[in-house]
Every structure is written in structure tokens, then in C-alpha cells.
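Please treat every number below as a calculation from the coordinates, not as lab data. Not measured: the values here are computed from a predicted model. Glycine also receives a Cβ, built like all others from the backbone with ideal geometry; neighbour counts cover every protein chain displayed.
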Amino acid sequence: MITRKPEPLIFELSHAGRGATAQYPAAEPSGEVPPGFRRRGQPPLPEVSELQAVRHYTRLSQLNFGIDTHFYPLGSCTMKYNPRACNALAMLPGFLGRHPLAGSATGQGVMACLFELQEMLKHVTGMAGVSLTPMAGAQGEFAGVAMIRAYHRARGDLARDEIIVPDAAHGTNPATATMCGMKVREIPTLPDGDVDIAALEAALSPATAGIMLTNPSTLGVFERRIVGIARKVHEAGGLLYYDGANLNAILGKVRPGDMGFDVIHMNLHKTFSTPHGGGGPGSGAVGVGQRLLPYLPVPVVGREGERYRWLDERDLPDSIGRLSGFMGNTGVLLRAWVYMRILGAAGMRRVAEYSTLNANYLMARLAEAGFEPAYRDRRASHEFIITLKREARELGVTAMDFAKRLLDHGYHAPTTYFPLLVPECLLIEPTESETREELDGFVEALVAIRREAETDAATVKAAPHTMPVRRLDDVRAARQLDVAWKPVTA
Amino acid sequence: MPYIPHTPDDVRAMLERIGVPSIDGLFDEIPAALRVESLPGVPEALTEMEVSRLAAKRAAADGSPLNFIGAGAYEHHIPAPVWALVTRGEIYSAYTPYQAEASQGTLQIMYEYQSMIAGLAAMDVSNASLYDGASALAEACLMAVRAHRRSKSARILLPETINPVWRRVARAITEGQGLRLETLACDPASGCIDPARLAALSGEDITALVIPQPNFFGRLEDADALTRWARANGALVIAAVNPVSLAVMKPPGEWGDGGADIACGDAQPFGVPLSSGGPYVGFMACRMEHVRQLPGRIAGRTVDAEGKPGFTLTLQAREQHIRRAKATSNICTNQGLLMSAATIHLALLGPTGLDRVARACIARTGELVAALTQLPGVRVAFPGPRFHEAVLKLDRPVAPVLEALAADGIIGGFDLARDYPELGDALLVCATETRTRADIEAYARALGRVLGRAAAA
């Protein structure tokens, strides 16, 4: 339920001496910090009653769109239903209360789940080994490129310091390569959406460490010549990295390992439906082929007979090391485990089938309605792009205006202006969990917005009109930086 | 079909609209040789009821032992409203706030969180969270190198007294960018950074000094003196702090003369369950002069087209989706759900509640140390001021003692043998406000039994 009523800051509700006292520990025992180490005065935290806090954060939640409240077709984000069972079971007391260093004797239950998750992920990606420890997609990418680097170094192949990235790639790919101390070489994409093979051949050299590919790509199409690309990269001595952002499109239908990829990261918060939580936690589990097995980040769950234990640096001495304080986002991993067990093998294949069905249906309906798909002659994967360059030219109404007006129609906007190659684009990913009626409603909304733009462009350009706020002044936000409330000092 | 709503009629109508005879026809651009027809190795589906039963059995097997470990993850009371609120669909199932007008809830929570963290640390600005404390330290090291333009060495001093896993994570994450993380030795008598070792480095080009407070052994470092040394030697200061301690302890922004440059740590103690290791929530705050080097999401307050206050992501020119290969970090999102939990947790506790939590932790750890060191063969390794952890020395190897305690339903602490073999048979213990006097007595009795001796009268 979206409300337009503004909600004050929690600090503005504060009154000295008030508090949610049921939550305080008893006043005794009470320890003391030696004088030289003490804080002067109290930290500037709010003082509110329990009801005030509950009401405030409930109201704030009502200023949000979520999957539970709205169709959320954000491209490359896979905003599918997050089953409630996943949350409920991950929060069982035995899992939730367990200290990560409590020892494997008291952790056989959680480790059994994590071991099964590792095995299932291996099988659905066609990889030889999996580590669950990366805490987000970007950290999974980091782990992947760090493993590629470690592989070349271990072979004494020290000159390989270039990562090839197609221009359609997500910004994390080049940012990750830089974080790993690699240079980035960008290659162009052909008009049909596939990688420019000639440009790839020209880029390959004895300096090539590897290539990062998303397949299906962020253009919403499957790279048809992937087997040839893999052969060329391998012949040049490089390795192939699979960005799992779009794994939902092919789950159980074709496996990255079979395509020739050496390493993959999976976004469990996309494909395996763990919650996005307003921007995290994610989970970026990585899978590798035989060549990269020794370099997997630790820890990894191992099984010895009927017992499970954590394998660490002593078991994998060539590991790229640790990326998190303990063993990754365990609670997220448990949610993914529940999801995968409920889907089973057949259910996973259906994810790809029905997300692809929904995307192609939506693309067909929008094309019939006169919108322009960016890759009309291609099959959509689980997502597709429409370009509004004609609407922008003829009506003066941009992709951003359409996106904002969609909010008024009760739909979260698709991804806008990404990938950068397609002008005035909307990247639309409906996911498999939406009904045909919901997709039809979305088409009707876009048609209505275009009709409105033809007669009353100003209304569209000023959208949204029904949200808690109108369009925000981003320039002012950056120039007159206000990123923390400060107490008023008398 | 779990979570897929299509009826056979839907499928027929949709395929007709697309103009393909079957769903398989939608995959005709994928080379046939690559396609798989089944997934051997993946089990068949279970119903929610069946999975619930399996999960409940496994969770029950992990039990609910009495926990005396900290070592980077801390058991605190979590007010019931915290998770009731963050699992509301509008928070739980929203994504990162790209459409600000439809994400004002998430953005305002980010702003409130940033305000609370900056206030606790007495720093100017906080980001909207990072993955966890260990990776936040790694990002802080990278940030210090970017922020300190005059220093050419990329040398960061990482004391032995910081969490050893955090040290390993910092190494793994920064290695590719050529940072030189140098270990700074611990004084074996005090369990704190050895000032003599630091003095020996005076005058050298050092980019940053990391100061853990409290340190991994629970001891309080002389943060003022260490900060002064760093200032005098032109090094930045990275504070790695336990956020609960900030209720009662001098915040990084006030250390030494002028304070730390960057403060980081793990906000897990604020409303985030232990959950077998994660997800937790890293925090990072800094002085305003470094804000453009701060990694991660930042929410800012601005106005909308009607002049009404509102919130939006800001300073995005630092980030990967704009800067690509030149971004401050490859990080895309924050730890939104856990950040929200931390914010609500802090709103409920307020300054008084958090002060009580911190003081109860200090008191209970004092009681725990007193009770256990009554036993012959158990003594304190490092006397001196501490927060809520302490290192105990035993007269025999720790591992079998912990195993025997676990059989009694007590998780007795963290064995330091692997990370600090030079300390001998050393055990790191922790008691937060959640441990009662009876819990502590139960631990002392059990340890007494295990050690085979009665407590001294």
C-alpha cells in the first residue's frame, strides 16, 4: 500500500527519556570502562517507544514497492516470488542461533544442507566444484577472476593480465577485473546481439588471461557461437568466466560447463529466489571446472563418510583464500537450499521454460502494440529490450518518463538505460512467477502511457504523480550533500 | 508447478501469440548439442511440508547449546519487532532503490542507518553498509590507499591483535592491487599492539595504521597514542571497532588529536542473528574529506520537483554502473535487509538501552573470567582493561576441553591454538548481556568437571 503521507525521521520523533524499555537488559550488573577510554556523552540515537518505532518502520515500508506488492520486471535482476517457506525454514532456531565457530559436531544439520546445495549447484551448472562463500554477485565475480589469475600464476604464465569484456557487460565485470589487478579490453557487439568474433580474435593475445561473458547476454539473447568462442579463447591460453546474472534463462536446459566455461558465479538472490532485501544480502556462489578446483575460496563443506566438515586452507593450500569473516551468507544459502529442494530437477527446468515463455509472450504483445523490440529477429531469453527512441523523437517522452509513469500505474519500472548500447531502452524481465493477466496489464499500461504522451506529454514527463515524492533533485543531492542527520546543538 | 501460475490454457494461448508450437521451440537458438534433457544428480521435488520436516530435523540436530564464543560474531538479544518488520514484503522483497520514488522506505532507512552509524563512530559520513566486517576492513585498506595521495608505499600496518580471519580476508581481497599489508606484532605481556615495534617504524612512508578496538583478545588498545603516532608519521588511521562498545567507549572520531580517518567493523551485534555465519552487515564511516573514496551505496536527502524532502542514492559517480573499470569498488548493493534490522534494533534500544547492553557485557565477562579463573590451571593471559572478551590460559590443550564441554551442551570459547600457537593453550571467551549468572556458574561447574578438579573454595 503506497501512501503519499511523509514520515518524519526517527530522530524527529525522539524525546529525551523515552524508550522501548522492555528491550533493555536489567540495570544490573553494570560494568565500567576505565576513564581514559570513556565516551563523553551519549551517542545521538533516537529515544522512542516500542510502538513509535514499530509504527515508523511499518509506515516506511509502505513507501516501497516490493515483489510481494507489485509486478517488478527489473531486467537482469530476476525479481521472482521469494517463497515464504525459504525464510521460515532458514530462521528455525537451530540454524539461527548457532555460532559459526561452534564446531562441526554441533553443525551437522546446517552442513548437510550446505553440502547438498553445493552438489545441486554443481549439477545444474556442469561444474566440478562449488564454493558458497562469496557474499554477493560482485564478490563471486571477484573470486572468479582471482582464480583465473591464480591459475596463470601457478603455471608461471605471468604475462597474462588482460580480461576481455564485451561492451554489453554489466559494470561490475570491468570493475572486478580492475580490483584483481587486471587490465580491461572491451570488444564490440554485432548488430544481431552476438559477440563480434573478428574483434575477439583481434583482442586475443599472449596477454589474455580470460574473457567474462554473460550468456544469455544483457541484451536478452543467447550467444549462438559460444562453442567457437570458447575454443578460440582456450586456444589463446585464456579461460572463460560465466557471469551468472542470467542463469535463470537456461536453468536445467543448457549448462555453462558444457558451453566451455571454466568458472561461473551464480546469483542465488536471482536464480534461486533468495530475497533482495532492499539491496542485499546477496550470495554469489562460484563453480569451477577441474583446472580451477585447487583455487576455490575457502571454506567449502566436505563429506567424510557420514560426517561433514569445513575444508579450509589446510585442505586447499592453493586457495585464493577467504572472502568473508566466516563461511559466507549461510542464512541466504539455506533459503536457496529450501527453494531448490521444493523445485527439484524438473522444477528447475521449468524455471527456464516459463520465464522464457513469459518474456517472449510479453515481447510479442508489445511488438503487436507497436513498441520496438531492440532484437526483433531474435528469440528473447528470460528478458528482452524495447527501445523507445521513436517515442523520444516523435513525442519527446523518454524511457525515463515511461519508467516513472509506470509507477503511477502500479508497476515497478523495468531497468532503464542499460545496457548502454541501446538508446532509450527498457530491459524487461517478467520472471516465471507472474500470471498472463499481470503481463497483459503491463502491456495495457505501456499502451496507455504512449497514448497519454500523444495528447498530454507534460503529464508523462512530470510523472510520477501518485508516489510519496515527485522526481527527486539528484544534482542537489550530490552538490549539497546531506547524508546524515545531525542533532541540533543548543 | 511450484511458484509457476500457468494453466494449460495459458500456455496454449501464449505460444499461439508468440507463434511457436511448443515451449521447447523458444530454445531453438541454443545449439542442439549443448542442450540437456534432464539433471541427474539433482533430487526430485519435495512438497513444502516435506522440506519443512527435513529442515526441522536438521535444525533440531544442531541444538541450542549455551554459547560463550564471540571472536567476531556476538549473541545479543534481538527485539521481536526487528525481524517482524524487516520480513514485511515491502522490505524483504524490494530491490536496491533504483526507482527512488517507489523506494522511499528503503532510502529513508538507509539515511537513518547512516546517521546512526556516523553518530556512534563520531564520523561525518557513513555508507549504507557493506557485506561484513572482514570485507569492510579490506575495502577500508583499499580506500586508504586511494585517499592518501601523498603516500606512495601502499603499506598498511595490520596488527596481530586484529581478528586473524579479517587479516586473511583483507589480504585475499587487496592482493591483486599490490597493497602491502604488514603485520604489526603484539606485546606478549599486554595482548595489545607493541608500541616499541611501532616506534621502530617512525619516519617511514606508511599509508595507514589499522587500530582494532577492542582488539581480538578483548583488550582495549591505547587508541589515542596510536592515533597520535599515525598523525605524527603521516599515516591515515583505520579504526576497526565493535559497534556495541561505542555506546560507552571513546568513538574513533575522537581518538588522539583529530580522530581516525575511516571507521569500519561488523554491525551484526545490532539485530542480526548468529545464523551459522551470516548474512551479517559491514559498516564503514569516514571523515567528509574522504567521502568520494568511500565504497558502496550512499543515500542522500534532497528535495523533489515540488520542493518536498525526499531521499535518493547519491554520489553514484563513484560506482561500478557508472565508472565501470575506474569505480571505487565492484560492489553493487549494500546489505539492505541486515542494515534495516540494525537500524530498527538501534531505534528500539536508543542510547540508554545500548549503554545498558554494553555495560552488561563488560560486567558479565568480568564475572565469567572471575568464575573460570577460580579453577586451578586456568588464568588470565592478558590482564588490563577489556570489553566483552578475554583470553584464558589452560594447563592443557584446549581442543579436547572444548569437545568435552560441547558434550555437556556448552560452547566454551574459541581455541587460539591455530592462529596464535605462540600463546600456548589459550582460549578466547565471551559473555554478552544474554548470559546470566546461572549460565556462567553452569560453565564453571562443567569446566571444573572437565578439568577433573573442584573449584577452589
* Structure fact -> Computed on Cα atoms, the radius of gyration and Dmax of segment A:85-343 in angstrom are 18.1, 57
* To do: Neighbouring Cβ atoms within 10 Å as the yardstick, rank B:Tyr443, B:Tyr3 fewest first.
  => B:Tyr3, B:Tyr443
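Once you sort the root eigenvalues of the Cα gyration tensor of segment A:351-475 as a ≥ b ≥ c, which label holds: rounded (a/c under 1.5), prolate (a/b larger than b/c) or oblate (the other case)?
On the way: a/c = 1.70, a/b = 1.48, b/c = 1.15.
In terms of gyration-tensor shape, prolate.
Mind pulling up the Rg/Rh value for segment B:85-143? Radius of gyration and Kirkwood radius, both on Cα. Walk me through the numbers on the way to the answer.
On the way: Rg = 13.4 Å, Rh = 13.1 Å.
On the Cα set of segment B:85-143, Rg over Rh gives 1.03.
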* **C-alpha center-to-center spacing [segment A:253-328, segment B:94-165] in angstrom** => 25 Å
* Too long at a 26 Å Cα-Cα cut-off: which of A:Lys80/A:Lys232; A:Lys122/A:Lys270; A:Lys461/A:Lys486; A:Lys253/B:Lys57; A:Lys183/A:Lys253? -> A:Lys80/A:Lys232; A:Lys461/A:Lys486; A:Lys253/B:Lys57; A:Lys183/A:Lys253
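Rounded, prolate or oblate: which fits chain B, taking a ≥ b ≥ c as square roots of the Cα gyration tensor eigenvalues, rounded meaning a/c under 1.5, else prolate when a/b beats b/c? Mind showing how you got there, number by number?
Details: a/c = 1.86, a/b = 1.30, b/c = 1.44.
Verdict is oblate for chain B.
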* Roughly how many Å is it from the Cα centre of segment B:308-340 to that of segment B:17-64, as a whole number? -> 34 Å
* Volume per residue that the Cα convex hull of segment B:351-457 spans, once the total is divided by residue count, Å³ -> 105 Å³
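Can you compute the helix-only [θ] at 222 nm over chain A? Use -39500 (n - 2.57) per DSSP H run of at least 4 residues, normalise by all residues, nearest 500 deg cm²/dmol.
On the way: 15 runs with 175 residues, N = 490.
For chain A, the value works out to -11000 deg cm²/dmol.
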* Options A:Met91, A:Gly370, A:Val33, ranked by Cα towards positive dipole end of chain A, top entry (Cβ charges) -> A:Val33
* Asked: If you look at just the Cα atoms of segment B:80-343, how large are its Rg and its Dmax in Å?
  -> 18.3, 64
* To do: For segment A:406-420, take each phi angle, set θ = phi - 60°, evaluate the Karplus expression 6.51 cos²θ - 1.76 cosθ + 1.60, and give the result in whole Hz per residue in order, putting x for glycine and proline.
  => 4, 4, 5, 7, x, 10, 5, 6, x, 5, 10, 6, 9, x, 5
* Degrees between helix B:8-18 axis and first principal axis of chain B (Cα, 0 to 90, nearest 10) -> 70 degrees
* So for B:Arg171, A:Arg335, fewest C-beta neighbours within 10 Å to most, what's the order? -> B:Arg171, A:Arg335
* Asked: Between the helical axis of B:398-407 and the dominant principal axis of chain B, each derived from Cα atoms, what acute angle in degrees is found, rounded to the nearest 10?
  -> 60 degrees
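Kindly provide the Kirkwood hydrodynamic radius of chain A in Å, to one decimal, from all pairs of distinct alpha carbon atoms.
Details: mean 1/r = 0.0400 Å⁻¹.
Kirkwood radius, chain A: 25.0 Å.
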* Asked: Can you run phi through the Karplus equation (6.51, -1.76, 1.60; θ = phi - 60°) for segment B:206-215 and list ³J(HN,Hα) in whole Hz, with x for Gly and Pro?
  -> 10, 6, 7, 10, 8, 10, x, 8, x, 7
* To do: Please list the radius of gyration and Dmax for segment A:227-272, considering alpha-carbon atoms only, with Å as the unit.
  => 11.4, 34
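Quick check for me: using +1 on Lys/Arg Cβ and -1 on Asp/Glu Cβ, what's the dipole size of chain A about its Cα centre, in debye to the nearest 20? Could you put the intermediate results ahead of the total?
Numbers: 53 positive and 53 negative charges, 159 e Å.
Once rounded to the nearest 20, the dipole reads 760 debye.
For segment A:85-343, calculate the relative contact order in percent as a whole number, restricting contacts to Cα pairs under 8 Å that are 6 or more residues apart. Write out the running numbers ahead of the final one.
Details: 506 pairs, mean separation 75.3, N = 259.
After rounding, I find 29 percent.
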* Asked: Hey, what do the phi angles of segment B:103-114 turn into as Karplus ³J(HN,Hα) couplings, whole Hz, using 6.51/-1.76/1.60 and θ = phi - 60°, x for Gly and Pro?
  -> 9, 5, x, 4, 5, 5, 4, 4, 5, 5, 4, 4
* **Placed amide H near A:Glu372: partners under 5 Å, 5+ positions off or other chain** => A:Thr387
* Classify segment B:8-62 as rounded, prolate or oblate from the Cα gyration tensor: take a ≥ b ≥ c as the square roots of its eigenvalues, call it rounded if a/c is under 1.5, otherwise prolate when a/b beats b/c and oblate if not. => oblate
* Asked: Given a cut-off of under 8 Å on Cα pairs at least six residues apart, what relative contact order in percent is computed for segment A:300-418?
  -> 12 percent
* Per residue and in Å³, how big is the convex hull formed by the alpha-carbon atoms of the protein assembly as shown? -> 154 Å³
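Please get the size of the charge dipole for segment A:351-478, origin at its Cα centre, with Cβ charges of +1 on Lys and Arg and -1 on Asp and Glu, quoted in debye to the nearest 20. List each step's numbers first, then the result.
On the way: 16 positive and 22 negative charges, 90 e Å.
Roughly 440 debye for segment A:351-478.
Across chain B, where is the longest run that never hits GluC sites (Glu not before Pro) in a DSSP loop with at most 16 other C-beta atoms within 10 Å?
Numbers: sites that count: B:Glu29, B:Glu37, B:Glu44, B:Glu204, B:Glu306.
Within chain B, the longest run free of exposed GluC sites (Glu not before Pro) spans B:45-203.
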* Listed residues B:Thr314, B:Gly366, B:Leu349: farthest to the positive end of the dipole of segment B:300-385 (Cβ charges) -> B:Thr314
* **Under 5 Å, built H, 5+ apart or other chain: amide partners of A:Ala285** => A:Met266, A:Leu268
* Asked: Packing-wise, with mean Cβ within 10 Å as the measure, how do A:161-171, A:178-188 rank, highest first?
  -> A:161-171, A:178-188
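Where the only charges are on Cβ atoms (+1 Lys, Arg; -1 Asp, Glu), what is the dipole of the protein assembly as shown about its Cα centre, to the nearest 20 debye? Before the final figure, lay out each step's value.
Numbers: 96 positive and 102 negative charges, 276 e Å.
Here the protein assembly as shown has a charge dipole of around 1320 debye.
Would you kindly work out the equivalent ellipsoid of segment A:240-300 from its C-alpha gyration tensor and give its semi-axes, the square roots of five times the eigenvalues, largest first in whole Å? Walk me through the intermediate numbers first.
On the way: eigenvalues 90, 52, 12 Å².
Each semi-axis is √(5λ); the values are 21, 16, 8 Å.
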* Amide H to amide H, which residues 5 or more places from B:Gln213 or on other chains are under 5 Å from it, using H placed in the peptide plane? -> B:Ala240, B:Val241, B:Asn242
* Counting pairs of alpha carbon atoms under 8 Å apart in space and at least six apart in sequence, what relative contact order in percent does segment A:131-235 give? -> 28 percent
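When a footprinting reagent is the concern and you count Cβ atoms within 10 Å, what order do A:Arg153, A:Arg224 take, fewest first?
Numbers: A:Arg153 13, A:Arg224 17.
Fewest-to-most Cβ neighbours within 10 Å comes out as A:Arg153, A:Arg224.
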* Asked: Hey, got a sec? Which trypsin sites (Lys or Arg not before Pro) in segment B:358-430 land in a DSSP loop and have at most 12 other Cβ atoms within 10 Å?
  -> B:Arg418
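Could you give the Stokes-Einstein D for segment A:426-475 in µm² per second, using the C-alpha Kirkwood radius, 4 °C, 1.567 mPa s? Mind showing how you got there, number by number?
Working: Rh = 13.1 Å.
Translational diffusion coefficient: 99 µm²/s.
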* Structure fact -> Over segment A:25-80, the quotient of the Cα radius of gyration and 2.2 N^0.38 Å is 2.06
